[in-house]
Amino acid sequence: MKALKMTVVAVAVAAAVGGAYSFGQLQTVASPYVVPSAAAAQNAAPLGSSVALPDMRGIIANNAPAVVNISVSGTRKTSVGVPQIDPDDPFYQFFRRFGGQVPQGKTPVQGQGSGFIVSAEGTILTNAHVVEDADEVTVKLSDKREFKAKVLGADKSSDVAVLKIDAKGLPVVRIGASAPTQVGEWVLAIGSPFGFESSASAGIVSAKSRSLPDGSYVPFIQTDVAVNPGNSGGPLFNMNGEVIGINSQIYSRSGGYQGLSFAIPIEVAMNVERQIVTTGKVQRGKLGVSIQEVNQALADTFGLAKPAGGLVSSVEKGGPAAKAGIEPGDVIIGIDGKAVNSAGELPAAVALKNPGESTRLQIWRKGRSQDIEVKVGSFNDEKVAAVETPSMDKGRLGVAVRPLTPEEKRQADVSAGLLVEQAGGSAAKAGIQPGDIILSVNGQTVSTADQLRSAIANAGKKAAILVERDESRIFVPVDLG
């Protein structure tokens with residue numbers, strides 16, 4: 001099973017690798033390429049001609065002194081003698097009764113990561129997960145000097161942490177912007193993979209505004225740069241020698257690099273840094289909506305010219321969006337005059353707003369666009385009576401449903417809806433499954449089987465069905481034939 005891996009490395013791993021070359025054969029390969037200037041490499045060569053790689057030596061020489069190695073040590077709570085005991089294990093209840101809780105102990109934790117200096121007075125950026133559970137943080141510079149670092153703040157939502165060391169006149173990186181970066185551009189990472197300090201690796205930007213299944217609002221930069229455990233928190237440079245991101249995660253089955261790396265855009269990181277340094281905390285704007293990506297089927301259903309924007313699947317009661325009149329089924333296609341091409345772009349754009357600030361959203365509703373002004377709220381990291389016999393719709397949708405009981409309504413926080421008990425036909429093909437709660441069809445709320453049948457009958461060839469599943473709401477496009 002594939003998994004996202006935070007790229008912090010344990011010291012024990014670094015020591016094991018450092019002691020032998022058993023992980024592979026080292027080979028020296030003479031490069032057949034001519035190495036020109038970075039500016040020349042940005043010009044595309046005609047088809048069939050030789051292509052030269054960019055020269056990154058200057059970028060490395062100028063910036064490596066500002067990249068640091070971070071070592072952490074601390075403790076983590078564990079069960080004494082019964083590490084991570086399963087609550088279903090019979091001994092779990094025994095230990096709970098013995099003293100009222102499972103006995104707790106502490107296990108030493110050590111790890112390594114990377115970071116980079118953003119001010120000559122010793123301010124350093126890294127990942128929040130690098131310094132998590134750390135009792136002591138040590139920063140080692142490229143000139144071998146070491147400093148004990150203070151964690152000024154760590155923001156788990158963005159995975160950005162700010163450190164401070166007692167030093168002056170330090171080398172610093174140049175901060176750039178990730179927004180102008182294009183897919184296909186060369187980028188460079190510097191860090192300490194597996195504890196090997198000041199290591200450089202290069203590749204290209206593979207995608208932008210990538211949403212990951214970790215629930216983060218960050219629109220990650222995806223690259224094919226070789227990022228490994230220990231690179232976490234290190235800088236990602238463009239070919240102008242500017243930092244455009246912080247290397248944060250890899251997508252891997254093995255725990256090591258497998259071609260997919262993800263970096264936090266530098267705009268997100270610097271916003272966090274400014275707030276932590278000036279106020280000691282992080283605030284970010286929120287709309288109070290859940291959104292999903294618009295695919296071709298949903299674009300066709302809502303009458304959009306192309307798949308774009310963020311489809312609002314639910315609106316928080318009493319939240320900023322609800323107060324402004326945003327509704328489920330609206331597609332947010334722009335913010336403050338800037339187009340929203342994918343759902344992943346919207347959370348980050350809103351998060352950069354200050355709570356209380358007004359923003360103008362361009363939405364698509366019922367076949368036309370309109371502007372709505374929203375006063376941004378403050379993001380907070382925190383979210384049966386008698387059962388009727390299911391009624392099976394043998395027609396175009398193919399589901400067995402029943403009305404929700406009062407208790408089910410309370411638990412789901414809805415006033416109406418139908419619980420899916422069986423799914424077949426068009427519904428099953430679209431991904432609707434038993435346990436889903438059908439809330440609406442093409443914007444029409446349904447609370448009885450008759451209402452569902454009527455809505456499906458009037459839906460035409462396609463329907464956008466809003467369902468609640470696992471405390472989240474999504475629109476499911478259904479081809480009714």
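The values are calculated or read from the model by the stated rules, or taken from the named source; none is laboratory data. Every value quoted in this text rests on a predicted model; they were computed, and no experiment measured them. Every residue, glycine among them, receives a Cβ derived from its backbone with ideal geometry; neighbour counts consider all protein chains shown. Side chains are part of the model used for accessible areas, which takes the heavy atoms of the whole protein and leaves out ligands, DNA and RNA. Shrake-Rupley method; radii C 1.70, N 1.55, O 1.52, S 1.80 Å.
Quick notes
- Extending 7 Å from Cα along the Cβ direction at residue 240 and again at residue 411 yields two label points whose distance is 5.5 nm.
- Each label was represented as a point 7 Å from its Cα along the Cα-to-Cβ direction; for residue 60 and residue 336 these points are 3.9 nm apart.
- Taking all protein chains together and rolling a 1.4 Å probe, residue 439 ends up with roughly 10 Å² accessible.
- Over all orientations, the range 223-310 has a Cα convex hull whose mean projected area works out to 9.5 square nanometres.
- Counting heavy atoms of the protein chains alone, residue 462 has an accessible area of about 70 Å² for a 1.4 Å probe.
- Taken over the range 130-224, lysine pairs spaced eight or more positions apart, or on distinct chains, with alpha carbons under 27 Å apart number 14.
- Of the residues 195, 236, 313, the one whose Cα sits farthest toward the positive end of the charge dipole of the range 187-313, with +1 on the Cβ of Lys and Arg and -1 on the Cβ of Asp and Glu, is 313.
- Prolate/oblate/rounded call for the range 402-464, Cα gyration tensor, a/c under 1.5 rounded: oblate
- Ranking 186, 364 by solvent-accessible area of protein heavy atoms (1.4 Å probe, all protein chains present), from largest to smallest, gives 186, 364.
- Inter-probe distance in nm under a simple model that places probes 7 Å from Cα toward Cβ, at residue 352 and residue 375: 2.4
- Surface per residue (accessible, 1.4 Å probe) for the range 287-387, Å²: 50
- Based on protein heavy atoms only, the range 122-254 ends up with 39 Å² per residue of surface accessible to a 1.4 Å probe.
- Expressed as a whole percent, the accessible area of the range 420-481 that falls on carbon and sulfur atoms is 44 (1.4 Å probe).
- When 138, 405 are compared by accessible surface with a 1.4 Å probe, the order from highest to lowest is 138, 405.
- Packing, taken as the mean count of other beta carbons within 10 Å per residue, orders the peptides 469-475, 116-122 from highest to lowest as 116-122, 469-475.
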